[in-house]
Every structure is written in structure tokens, then in C-alpha cells.
Amino acid sequence: MGDIMTFSQVNKRFSDVQALQDVSFTIPENTIFGLLGPNGAGKTTLIRIITKIFAADSGQIVFDGSDIQTQQYANIGYMPEEKGMYKKMKVGEHLVYLGRLKGLKKSEAQDRSKYWLEKLGAGDWWNKKLEDLSKGMQQKTQFIATVLHNPKLLILDEPFSGLDPVNAEMIKNEIYQLHQQGTTIIFSTHRMEQVEEICKTIALINKGKLILNGEVTAIKQQFKQHKFLISFETLPEIEDNDLFTVDQINGQSVTVQLKSKNDQNQVLQYFINRNVIINAYYEILPSLNDIFISIVNKANHE
Amino acid sequence: MNKTLLIIQREYITRVRKKSFIIFTLLGPVFFLLISLLPILISNANKSDQHILVKDDSGLIPALPDTAGLYFTYKYQSIPVNTLKTDYSTIGEGYDAFLYIPAMQPDAPYGIEIYSNEQVSLTTKLYIESIIADKLETINLQQHDLDKNILLKLRPKVDIDDKVTSGESQKEGNAAIASAFGFGMGFIIYIVLLIYGTMVMRGVMEEKSSRIIEVIISSVKPFQLMMGKIVGIGLVGLTQFVAWGFLITILNIIIGVLFAGQLSDLQQVSASGGEVEMNAITEAMQSMQNIPIGYYLSMFIIYFLGGYFIYASLFAAIGSLAGDEEGDVQTFAFPVTMLILVSIFIMMAVVQQPHTPLAFWASIIPLSSPIVMPALIPFGVPTWQIVLSIVLLFGGFIFTTFLAGRIYRTAILMYGKKIKVKEVFKWMFYK
């Protein structure tokens, strides 16, 4: 599987802040990519360079075989975190206007807007003013505006914030469908459970530097702490020993921390030898949230 | 369709269909006409028929001719004056006023009095005064055995015909008309710069604070957006002025038809007040015809556009500097508003004294020339000065939109932190 997008040595400096420093990574084809980082890490700057709002001071971003600076605006769809709009405009004309700014013909923009509104259960919004819509409804409209022109590259910054679970699910399904159709999707959020659910590969940026990049499963393996959960029929008495230390006890289950990394069979053997009934035994991988927090904390203390 | 055109279209349409725009455009001329018609309407309202009782003790004014709404009655000459002074409203059918002409010499018409419950209108007073003056004049001429025509010849009318000798051609000039015309043109441009300049500023602030800006500039370049907004709002202004011109013309015609009677009455009254005024008006009309309207209008349009673009781009840059708090922008807007105000003050001084160094420089420098030059042109400005001014205006326009574009594209995405003046200068002149 090749890479659809390559960032090499991207640098951007604002008068007194190095917003991005030698950022290099790749986005494989056919993935939903998670761009992560704490506030002020440089995510928005990077996204603005991708969307051609800024130019990088040095370095290059190649998308689909050509430099991002030579890409048409029409190839990119961007939904910023702060989702602004012309509040006085009507839903229909707002969508058509944004679609036409991306190069759609008027009739094309109208047809597609109607199609999408219908699809997201908002067929009768056409003549409503944006300011009269609820926040969730506004956000749906903004999502439509982002995908209206069928961009090859879609950048979504916190697309679910402010949506109720039903609507969030609806948008999530649309994202999956676009992904199926071959759209490259860069997804930026602070919500790690969403990243775990949606993204296959991620990059983590902190203080303008790339500190983590790769497939989510590989990263979890890389950061695993060799913890195992054993679920018993009835909880026996357990103490720290040569093999493990007890991490926590929860109901009939106990989480143990292995002392050396390939001892899981010995641990299982230890409990079998104790003649207790084991219902389940599996490895606990760290959540992205834990990884994120530990890495960022570590980086900030350096 | 070109993206800048799309932006122009949106900026234009969303503003023009606003209720506030439609109301302001429709009511503007009505308001304007109301103000100009107010004196007529007021005097009309006062002009219910007035019956005036007259007592002439001098014997010089045996009759006063009735006129529209004014009726004079010579009755009750035997009743003492002091009784009439108080009882005029109850005697007989009752009168609205009592005019008393005491015994007097025709060359010393002192002590004429008029009594009424309400202030007698100025036109009524002027009418009576002029009639009495005419009668006394006739009597006086007879007494001294003089011919009126000879008297008129003794004091010939002196009228200095001012010719402006600028450049090759000599033009008929009329200082009063020129200054009024120039003042009008300069003033309109001043209004345009303030109203539509700040409208541009507000539009930019709105885009920034609503955060729509980030979506838009991932579709178009910031400069396209800025220019689209400036041009779109400029067209809104133009539409409003054209609509006003059109509506005022139509309203004038309608009013002319509807109130033709009353208007001519009023003109009669004021005309009898003085022939001199009428002469001045016809003279003004004549020199209006000497004004090269086409030339003035084209100059007006050039400075209108140049000035608008210069100030609108400055205002756009200022709008982009605004933080989320309304007050922030005032710091930056103040100097620009001051520039416009200073220009209008210079313009007012310059129409009094059009040939000073101040007038020259203010008509050359592009920040003041849009207001000052149109006001100066009716006084005659050498061609080279106009050419220089227009070249600088055009240069100023390029320069300010360039600088404004640089400020705009950086500032429009800056949130949260307060922008310092020093930084703004850095953006203007560095990469």
C-alpha cells in the first residue's frame, strides 16, 4: 500500500514562535488519518498549510503526486474547528455559494446541496435562515458545505463537537462512506476514543514537533505495559510475587503487571497451579488517551 | 464564474435585499424632500384665510388689494383705535388681525402696527409692507414731481462679471455657484467614504468574528475576498445613490404636479418681496448652464472611485485587525476617520480660498484629494495639477490596497491576542 500524502521537513515560524519544526510523516492510501496534539501544538497551523491558507517556510507537502501548493482548492474540503457561517443567509444559498466558491456550477451546486440535505434528513431546510437553526443543524449544514464539491482530501477538525449521538452517528457513517469511495480523510480531535474508533493511522504533534506516528495497533503494541487481566469464577487471594505485581482488583477480576515481558504463560500457569477457575485472561493494551497523556507530559518535562 | 465576481455578487445581493437598505433607500428621498418642503408646508398650514381689519388714519392708503388667503376690510373707521386694538376679533363677523395705519407723512411712514392673536406670518407682513411701500413711493414721486424711470437710471445696477483666466481658455465664472457645486461634490464623497468605508470594516469584522473566514479562504485567496467585498459594497453605495437620484427626480415631478398651485402662490408672494432676488436666481440659472456638467461628473466619478478604494481598503485592513471585543478596533479606526474629517475641513476652507498652497497640496495628496479636488475643480485647476493628482490617486489606490491586503491576510486569522501597531508595520513591509 502506497502513501497518498507525504510531509517532508515542514517548517513554519511566526514572529516569535516556531509553530512547526521539521515535521515529516506520511499518510497511507485508503486510511482515515488522525492528526492529534494538545492545544497550541501546531495542528491548526499544519492544517492551514495543507488547505493553502498559509505557505510553509520550508519543506514540502505532496498530495496525490503533486505539491500541495499547486493543488486546486476544489480538491480540498476543510471543516475548521470553529465553524463559522453567514448567519443571515439561508441554508440553500449558503451551500450553493460555498459550493460555487469551490468551482461548482450553479446548477451543480444546487442539485448536490439538495441531495445532501435530503440524505441527512434535512430536505426542508432550504429556505431556513442559518441563524434560526440549532447548533447541531448548523453543523450538519457545514459538513455538507465541506463535502459538497467531492474533494479528494477532506480535513475535519472536531467534526462531532456539539452533535447529539444520533447526528454524530449519521455524520460518522457519511465519513465512512466517503472513505470507502476513496476520499483521503484527515481527522483532528482531542477525543481519543473517537480516534481509536475511526482512525487507522495517527500522527501526534506537540510543540511543533512530530512525536509519534504510525498505525494505532502498532502504537498500542509499542506502548504496552505488559498488563494482563484475569477474570476468576471466585476471586482468590493474590499478592505481589516474582512474576507480577497487582495493579488493581475489580470485582472478580484482577489486573497484574508482569515483571518481565514474555512471562504471560507463566502467570497463567501460576493461577492454574493454584487450582482456581479462570473465566478469561487477556492483555490490557493502553488506550490512546493514556499514551497521549504520558507522551505529552514526558515531552513537556524534557 | 470567477470567484471574485461570486464574492462581489454575494456582498451586493445580501446587502441590497436587507430591509434596512430598502427602507433607507426609499425613505431617504422622502425625508430629503420633507425637509426641503417644510417651510412651504408650514406656511401653507398657517395660510387659512385671514381677514384683516384696517384703519387708515393717514388717508394715504385708501385700499389694500386682497390676495390669496388675505382679505382686507375698511370698516368701523369711527370706532377709536384703542377699542379696535383689543376688540377686532369680536367686532362684526370677527377679524383675524387688525392693521393700524396712523396719521403720517408719506416720507416718514412710522407707527404702522398689526395686532393679532398669533404671530402674523412673514409672507403676510412682507406683502403688506411692500404694498404700502409701493403706494407711498408713488405719492412721494408725485410730490417731488419725479419720474420713476429717471430714478431707476440714477442708480444703475452694477454687476461684476468674473472671468477665470486659467491656462489657455477663459471661462465664465461665478464664485458662489462654483463653490456650492464644488462643496456638494466634495461633501458627497465625504459621506460615501464614511458610510461605505465603515460598512466594509464591519463586513470584515463580521467574517472574522463569525469564523466563516477560515472556510472562505480555503476556497479563495484573502486578497480576492477583500477586493470582492470592497467592490460589492461600493456597488451597493452606487445603487443607493442612483436610486436616490431617480426617486428625488420622480418625487419632484409628482410634487410639482400636486402642489403646483400652492407653490406658485408662494413664489408670487416672495417675488413681490423683491425683484432683486429673482434676478439673482435667473443669473444663477444662466451660469449653471455654463458649467461643463459632463466634465465635472467624470472628475467626480474618478475621485469617487479612487477615494472609495483607498479608504475602503484601509477600513478593510482595520476590520481584519479587530479582536473579538468591539472596542479594539477603535484604536485603529480613529486615525483613518480623522484623515477623512481633516480632509472635509480642508475642503471647507479651500472653497473659500481656492488658490492657496494648502489647496494645492490637499488636492494632490491621495488621502485628501478625493474630497478636496472635486471641490476645487469648479474654480479652475490647471490640467497638469489634475493629471498629477489623478496619477497619485491611482498610485495611492494601488499602494493602499497592496498594504491593506498584506495586513488583512495575516490579521484576519489572528485571534485572542491583541495586535500591536509595531507588528502591523512589520507585516506591511516584510515578507
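What follows is calculated from the coordinates using simple rules that are stated; it is not laboratory data. Here the structure is a predicted model, which is why all the values come from computation and not from measurement. Counting neighbours? That spans all protein chains shown, and the Cβs are built from the backbone with ideal geometry, glycine included.
Dividing the summed helix terms, -39500 (n - 2.57) for each DSSP H run of n ≥ 4, by the number of residues in chain A produces a 222 nm estimate of -10000 deg cm²/dmol to the nearest 500. Rounded to the nearest 20, the size of the Cβ-charge dipole of chain A about its Cα centre is 1400 debye, with Lys and Arg at +1 and Asp and Glu at -1. Note on region A:3-220: dipole from Cβ charges, positive end direction compared against A:154, A:56, A:91; the farthest Cα belongs to A:91. For the cross-link pairs A:87/A:114; A:135/A:209; A:220/A:298; A:200/B:221; A:83/A:152, which exceed 24 Å when the distance is taken from alpha carbon to alpha carbon? Cα-Cα > 24 Å for A:135/A:209; A:200/B:221; rest within. For the pair region B:197-225 / region B:309-359, the C-alpha centres are spaced 22 Å from each other.
A straight Cα-to-Cα reach below 23 Å connects residue B:85 with the lysines B:47, B:55, B:75, B:125, residues fewer than 8 places away in its own chain not being considered.
Suppose every K and R has +1 on its Cβ and every D and E has -1 on its Cβ; what is the size of the dipole of the protein assembly as shown about the Cα centre, in Debye to the nearest 20?
Computed about the Cα centre, the dipole is about 2220 debye.
Ordering A:269, A:241, A:229 by Cα displacement along the dipole of region A:208-274 toward the positive end leaves A:229 in first place; charges were set at the Cβ atoms of Lys, Arg (+1) and Asp, Glu (-1). If both residues of a DSSP beta bridge must be in the protein assembly as shown, then about 65% of such bridges are antiparallel.
Looking at A:115, A:173, A:125, which one has the Cα that reaches farthest to the positive end of the dipole of region A:3-220 (charges on Cβ: Lys, Arg +1; Asp, Glu -1)? With unit charges placed on the Cβ atoms, the residue in question is A:125.
The residues neighbouring residue A:263, those whose beta-carbon lies less than 13 Å from its own, together hold a net charge of +1 under the Lys/Arg +1, Asp/Glu -1 convention.
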